[in-house]
1. Rounded to whole Hz and in sequence order, give me ³J(HN,Hα) for region 41-56 from the Karplus expression 6.51 cos²θ - 1.76 cosθ + 1.60, θ = phi - 60°, writing x for Gly and Pro.
2. Check Ile20: other-chain or 5+ apart residues with amide H under 5 Å from its amide H, H built from backbone geometry?
3. Give the separation of the Cα centroids, region 42-77 to region 148-193, in Å.
4. Could you line up Leu36, Leu162 from fewest to most neighbouring Cβ atoms inside 10 Å?
5. Can you run phi through the Karplus equation (6.51, -1.76, 1.60; θ = phi - 60°) for region 147-158 and list ³J(HN,Hα) in whole Hz, with x for Gly and Pro?
6. Using 0.36 nm per residue of separation minus the Cα-Cα distance, give me the extension gain between Glu175 and Asn40 in nm, one decimal.
7. What pairs in Lys18/Lys226; Lys44/Lys77; Lys121/Lys226; Lys77/Lys121 have C-alpha atoms more than 26 Å from each other?
8. Would you please state the base-10 log of I(q)/I(0) at q = 0.07, 0.17 1/Å for region 4-240, with intensities from the Debye formula using one equal scatterer on every alpha carbon?
Amino acid sequence: MADTIVSTTSLTYAYERKNILTDIHFELARGSFMGLVGPNGGGKTTFIKIILGLLQPDSGTIYLFGQPMQQFKDWSKIGFVSQKANTFNKGFPATVFEVVSMGLTAKIGYFKRFTAKHKEKVLRAIDQVGMRDYANENIGHLSGGQQQRIFIARAIVSSPELLILDEPTVGVDQENVQRFYQLLHELNHEHGITLLLVTHDTGAMTRHATDVVCLNETLHFHGDPKEYEKQTKQDLSDLYGHPINSLTHEH
């Protein structure tokens with residue numbers, strides 16, 4: 001359990017009498033880069049919201065960092081990056097430094113003084129995503145790919161052990177998508193952050209991830225990316241409910 005960051009047993013969740021998640025048995029090991037895939041409406045975002053404590057399951061158990069969720073308090077251990085591309089207000093009047101600083105608010109409190117040590121942490125997070133030269137830029141002036149790097153910096157500035165990303169490349173051009181995956185690889189391998197990535201990009205996911213989970217109300221696959229690649233088109237089409245072709249992006 002010490003090396004397991006998230007684990008669930010017999011997890012079930014229903015909305016308006018419709019089962020969204022049924023009997024989910026799941027483990028995320030420390031140091032993993034896990035890709036979570038599945039069809040739209042298959043329960044991926046609901047599952048993420050349960051891990052983040054935003055929804056309560058109807059039954060089953062969930063442990064975070066070895067503790068029952070009801071007892072878990074240290075939410076700064078978990079960073080989150082959502083689908084920002086379709087909702088972010090590009091006219092928002094804030095610099096890159098100010099946006100990343102917001103990631104420390106929950107940890108230090110709204111009314112605590114922002115110290116030199118806090119400023120150093122913010123700049124270090126901006127450095128980690130390769131955006132130090134843009135620290136004083138208005139975030140609305142950046143490209144979609146650059147903005148997404150800043151939102152990752154905001155998520156990691158509090159030094160989380162787990163980073164959850166919900167389809168973060170929506171609206172990002174292909175060149176920046178490749179840079180984005182390279183950044184995730186560095187965060188995982190060089191900085192030791194465990195990653196849980198919700199994505200439809202199965203080609204990139206099978207190259208970079210250490211584990212794959214395929215979710216459509218229940219878990220249909222939980223294992224090695226190479227084994228996932230061996231799934232037939234018919235297997236995937238049955239899971240998704242329509243014909244599926246996997247995409248592979250060349251470098």
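1. Karplus values, whole Hz, x for Gly and Pro: x, x, x, 4, 5, 4, 4, 4, 4, 5, 4, 7, x, 7, 10, 9.
2. Tyr13, Ala14, Tyr15
3. Computed from Cα coordinates, the inter-centre distance equals 21 Å.
4. Listing Leu36, Leu162 from fewest to most nearby Cβ atoms yields Leu162, Leu36.
5. With the stated coefficients, region 147-158 comes to 4, 5, 4, 5, 5, 5, 4, 4, 6, 9, 5, 8 Hz.
6. Stretched fully, the Glu175-Asn40 segment lengthens by 46.1 nm.
7. From Lys18/Lys226; Lys44/Lys77; Lys121/Lys226; Lys77/Lys121, over 26 Å: Lys18/Lys226; Lys121/Lys226.
8. With one equal scatterer per Cα and no solvent, log10 I(q)/I(0) is -0.23, -1.31.
Every read-out reported here was derived from the displayed coordinates using simple, explicitly stated rules and does not represent laboratory data. Values in this document were obtained by computation on a predicted structure and should not be read as measured data. Note that we place each Cβ from the backbone using ideal geometry, even for glycine, and neighbour counts take in every protein chain shown.
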